[in-house]
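Read through the structure below, which is laid out as structure tokens, and then see the notes.
The values are calculated or read from the model by the stated rules, or taken from the named source; none is laboratory data. Note that the structure is predicted; figures quoted are calculated from it, not measured. Protein only, heavy atoms only, side chains kept; ligands, DNA and RNA dropped before computing areas. Shrake-Rupley method; radii C 1.70, N 1.55, O 1.52, S 1.80 Å.
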Amino acid sequence: MNDTETRLRDYLHTKAGTVPDSANGPGLELDSTGTSTSTRRRWVPMAVAAAGIAAVLTLAVPFLHSMGKHDDQPSVSSLPARGPVSAGAPKIPYTTLVQNNPDNPLDTWWAAVHDGGKTVKNPGVKGNVVARTEGGWLVNTGYPDPDKAQVALVSTSGKVRPIGPLGAFGPWVSPDGQQFAVALSKYGRAENRVVVVDVRSGKEVSSLTVKTPNLELLGWNKDGIWLDEHSPDPVPVKLWQPGSKDVRTVGTFSAGTLHMTRSNNTVTHITFKGDQSCVTAATLGAKGLEAKREYCFKAPVAAAYVTVSPDGATMTISNIGVAVDIATGKVTKMKLPATAKWFEDAIFEDPDNIIVVDEAGPAQKLFRCAVATGECKQVAVAKPDEIIQQVQP
């Protein structure tokens, strides 16, 4: 890629980060035989931007952040080391995207998903790969007609199975990986639905009707499904455990500030104090979120990129390349190359290691970093015309 193309890609990537997951994205387009068409396009946020779908953006544009620049807080490797970092292939899935329309840089979709040494080419699904699940990977679809949005399951053999209701968006996989939840929400409608679908059978197994306009799902963890009204203002965040008739209001939060991990009950909350960004790890108590650890830092960014380990013990903050032990507060800095540029959240491969994408240079690279020691090793490199996007395991 030349310098102009690189800057354009970086700009589009940055702008895509401002589009909420609740925005209706690209759709699964099937031909008359029931098989998907073969056109590849860019992942959901960019397609949403290209299509001009109206959405209120509540987070400022995240800046490109260099791993060579950190705050002045001390670096302490407090977690026990688990041996040298492996340079083996990532154990978590990721997709590669190839720009296939030089006249329209938005006209790009995932070309292949790579998972555990297996590579499956896109069979023609227009959407972004959301997560690994039983039998393959879930793809979130919905472009160009949000009423035809439908989750699809791409199998390890490349077959496509549409699953769940039409008009659904924002799939979140259950803690056990056997189900996923979607929102059924239309602009201007006062009541909307949360629908839970069984992955194996494709049947709706639970649902909830809520008097929440512009409904969006924030995540699904052991406490249940988190949901709110997408709004530029702070709004009540609610929690529902499928199978229950009760809906609990957790508190009032600004959009994009709460993040949860499906395998545990640790929630992170992002706030801003003067010129500092602060990340608080918390768990749900009787009166709302109960703080377990707060970490504040100075960084030239508008929002923090936070990931919590599967066991809920560690959180990483990509903006400054640190891992924080939630119990002790000790910090480990990731020893990535000084030139590395990190656009997106880290993905935990296991409780001890994260996989990160380095955007610097003509070809993107994947690194594995140990959260205990900060040691990092390169584990994959893309072709110069490819873009890497990580997928939740």
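Taking only the C-alpha atoms of the range 127-283, Rg followed by Dmax gives 15.9, 51 Å.
Glu191 sits with roughly 90 Å² accessible to a 1.4 Å probe, with DNA, RNA and ligands left out of the calculation. Atom-type composition of the exposed protein surface of the range 270-393 places 53 percent of the accessible area on carbon and sulfur (1.4 angstrom probe). Decide, for the range 136-197, between rounded, prolate and oblate: order the square roots of the alpha carbon gyration tensor eigenvalues as a ≥ b ≥ c, take rounded if a/c falls under 1.5, and otherwise choose prolate if a/b is larger than b/c, else oblate. It is oblate, given that a/c is not under 1.5 and a/b is not larger than b/c. Extent along the principal axes, Cα only, for the range 247-375: 48, 31, 27 Å, with the longest axis given first.
Within the accessible surface of the range 180-240, defined with a 1.4 Å probe on protein heavy atoms only, the carbon and sulfur portion equals 47 percent. Listed by chain and number, the lysines whose alpha-carbon sits under 17 Å from that of Lys186, ignoring those within fewer than 8 places in the same chain, are Lys148, Lys211. In the complete set of protein chains, residue-level accessible area for Arg161 is approximately 80 Å², probe 1.4 angstrom. Of all lysines in the structure, the ones whose alpha carbon falls short of 24 Å from that of Lys118, not counting any fewer than 8 places away in one chain, are Lys91, Lys126, Lys159, Lys365, Lys377, Lys383.
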